[in-house]
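Structure record follows, encoded as structure tokens.
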Amino acid sequence: MRVAVHVRLRPGTEEAYDRAHREVPAELTAAMARAGARDWTVWRSGLDVFQLIECDDYPRLLAQLAEDPVNITWQRRMAELQEVTHDYSAAGADKGLPQVWRLP
């Protein structure tokens, strides 16, 4: 399953956001893998951040990460930098961005 996500940074936090992602804790990447993430790629264009997540089951991934202490700490840190956040509380409702087109 592939899911695209969009978040938006608070103005002036771009460098802090990039710096944080150069230092993603190994405990967090391990938690993501345990939750079923096979790949998680992040791109930033100005204040807009796009993520592509490849996982077994996105609602399950969100539910597991929502309760993981390492992810909770990381999300608190990210919430300080983001105007629009990745919503882990809506595990059943969040479907990510709607796909419009894909090269066949």
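The values are calculated or read from the model by the stated rules, or taken from the named source; none is laboratory data. Small disclaimer: the values here were computed from a predicted structure and weren't measured. Every residue, glycine as well, gets a Cβ built from its backbone with ideal geometry; the counts of neighbours run over all protein chains shown.
What to note about this one:
Per-residue answers, yes or no, for (1) within 15 Å of residue 6 (Cα to Cα); (2) free of Cβ contacts under 8 Å to residues at least 24 places away in the same chain; (3) among the hydroxyl-bearing types (Ser, Thr, Tyr):
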| residue | (1), (2), (3) |
| --- | --- |
| 29 | no, yes, yes |
| 33 | no, yes, no |
| 37 | no, no, no |
| 41 | yes, yes, yes |
| 46 | yes, no, no |
| 50 | yes, no, no |
| 68 | no, no, no |
| 73 | no, yes, yes |
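- On inspection, residue 96 does not qualify as exposed (fewer than 11 other Cβ atoms within 10 Å of the Cβ), closer than 17 Å to residue 8 by Cα and not hydrophobic (A, V, I, L, M, F, W, C).
- Look at the range 1-25: where a residue is in contact (Cβ under 8 Å) with a residue 12 or more places away in the chain and a partner is surrounded by fewer than 12 Cβ atoms within 10 Å (Cβ to Cβ) and not aromatic (Phe, Trp, Tyr), sitting 6+ places away or on another chain with Cβ atoms under 7 Å, you get 1/56.
- Checking 35, 4, 30 one by one, the residue that is out of contact with any Ser or Thr (no Cβ under 9 Å at 6 or more places or on another chain) and surrounded by 17 or more Cβ atoms within 10 Å (Cβ to Cβ) is 35 and no other.
- All told, residue 24 meets the bar of being assigned to a loop (DSSP other than H, G, I, E, B), at pLDDT 95 or above and either within 12 Å of the chain's Cα centre (by Cα) or of a type in the set (Val, Ile, Thr) (or both).
- Where a residue in the range 92-104 is under 16 Å from residue 55 (Cα atoms) and its partner, wherever it lies, is at pLDDT below 85, with Cβ under 7 Å and at least six apart: 94/87
- The requirement of being more than 25 Å from residue 99 (Cα to Cα), in a helix (DSSP H, G or I), aliphatic (A, V, I, L, M) and over 13 Å from the mean Cα position of the chain (by Cα) is fulfilled somewhere in the range 30-43, by at least one residue.
- Only one of the numbered conditions (1) of a type outside the set (A, V, I, L, M, F, W, C); (2) touching a strand residue (DSSP E or B) at 6+ places or on another chain (Cβ under 9 Å); (3) within 21 Å of residue 84 (Cα to Cα) is violated by residue 15, and that is (2).
- Residue in the range 82-89 that is of a type in the set (S, T, N, Q), touching a residue at least 60 places away in the same chain (Cβ under 8 Å) and touching an Asp or Glu at 6+ places or on another chain (Cβ under 9 Å) present: no
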